Amino acid sequence: MKEIKLHKSWFVRAPIEEVHRVITDFEKFPQYFPKVAESIHIKKQDGDYREMDATVRSFGRNFPVTMKTRILPGRGFISDNDSPVFGTSGHEELLLSPQGDGTLIDYTYLVSIHRPWLRIVATPLIRWYSMKFWEKAVIDELKKMFA
């Protein structure tokens with residue numbers, strides 16, 4: 001099964017510590033980013049590792065996702081996500097680095113679509129829509145927070 005690679009970088013005019021604090025506060029994701037997350041519940045926590053059940057929003061629908069996430073102190077997070085209802089799984093990396101008077105956000109998401117019929121329909125939509133949606137729903141909200 002071929003993975004779809006989504007990747008983009010953005011600049012946010014805010015200190016890396018502040019961006020990291022917001023972007024790794026998963027329980028407040030629905031509050032910070034309501035267009036992306038309906039709810040996130042941490043089931044297990046061990047140091048920087050989290051196992052979470054989330055209800056996420058995408059393509060105008062809410063669906064459950066399980067997340068196994070490692071917070072990288074001061075650098076972002078990596079997460080392996082699974083959505084059996086939607087028929088996808090993925091590896092997500094949100095990495096932060098200081099740049100001038102702000103923070104560079106480097107985001108990569110490798111998505112696998114498990115249902116062949118859905119792969120035909122969803123692949124072009126995911127490639128075209130996902131990063132535009134993520135930018136509006138998350139990055140633009142971060143920029144507003146720190147304006």
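Gln99 meets each of the listed conditions (1) crowded, with 16+ Cβ neighbours inside 10 Å; (2) more than 15 Å from Phe26 (Cβ to Cβ); (3) of a type in the set (S, T, N, Q); (4) at pLDDT 95 or above apart from (1). Of the residues making up segment 108-126, those that are of a type outside the set (S, T, N, Q), more than 15 Å from Phe86 (Cβ to Cβ) and at pLDDT 75 or above number 1. If you check Leu96 against the conditions, is it within 19 Å of Lys8 (Cβ to Cβ) and in contact with a helix residue (DSSP H, G or I) (Cβ under 6 Å, 6 or more places away or on another chain)? In short, yes.
For Ile4, are the conditions met, namely being modelled with pLDDT under 95 and touching a Lys or Arg at 6+ places or on another chain (Cβ under 7 Å)?
For Ile4, the condition - modelled with pLDDT under 95 and touching a Lys or Arg at 6+ places or on another chain (Cβ under 7 Å) - is met.
The residues on offer are Val56, Val85, and the sole one that is closer than 25 Å to Pro124 by Cα, aliphatic (A, V, I, L, M), free of Cβ contacts under 8 Å to residues at least 40 places away in the same chain and surrounded by 19 or more Cβ atoms within 10 Å (Cβ to Cβ) is Val56.
Taking Gly90 as the residue in question, decide whether it is surrounded by 14 or more Cβ atoms within 10 Å (Cβ to Cβ) and under 19 Å from Asp25 (Cβ atoms). Taking the combined requirement at face value, the residue does not satisfy it.
On the basis of being surrounded by 13 or more Cβ atoms within 10 Å (Cβ to Cβ), hydroxyl-bearing (Ser, Thr, Tyr) and under 26 Å from Lys143 (Cβ atoms), does Thr108 make the cut?
So Thr108 passes the test.
For segment 3-33, a residue qualifies if it is part of a strand (DSSP E or B) and either without any contact (Cβ under 8 Å) to a residue 24 or more places away in the chain or β-branched (Val, Ile, Thr) (or both), and the qualifying residues are Ile4, Val12.
The values are calculated or read from the model by the stated rules, or taken from the named source; none is laboratory data. All values derive from a computational prediction rather than experimental measurement. All Cβ positions, glycine included, derive from the backbone under ideal geometry; neighbour counts span all protein chains shown.
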